[in-house]
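Coordinate-derived values only; no laboratory data. Remember, predicted model here, so these are calculated numbers, not experimental data. Methodologically, a virtual Cβ is constructed for each residue, glycine included, from the backbone with ideal geometry; neighbour enumeration extends over all protein chains shown.
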Amino acid sequence: MSQGLPETCENKTKHDIQEESESESEYRAVNSPVKNVKKTLQKRRKMKETKLKQLQQKESRLEKKKLSDIYR
């Protein structure tokens, strides 16, 4: 029952207070640094191929719409 209630100074123990002071003085990055991993030639080629496929599909859909509009 007491989980959702806000903690007051009376409810805190010495151990909790020490943990808070340690965590405040300790520096931790919110977003940890990320390594810059270069893409391989194979990944770049695959990306280009998928991009081209998407463009071709988009164009084919447009052509279908044009044809269907003509025959209406």
Under the Karplus curve 6.51 cos²θ - 1.76 cosθ + 1.60, θ = phi - 60°, whole-Hz ³J(HN,Hα) for the range 55-72, x wherever Gly or Pro sits
5, 5, 5, 4, 5, 5, 5, 4, 4, 4, 5, 4, 5, 5, 5, 5, 7, 6
Summed side-chain charge close to S60 - residues other than S60 whose Cβ falls under 14 Å, Lys, Arg +1, Asp, Glu -1:
+4
Summing +1 per Lys or Arg and -1 per Asp or Glu among the other residues with Cβ less than 14 Å from Y71's Cβ gives +2
Could you sort 27-39, 44-56 so that the peptide with the highest average Cβ count within 10 Å comes first and the rest follow in order?
44-56, 27-39
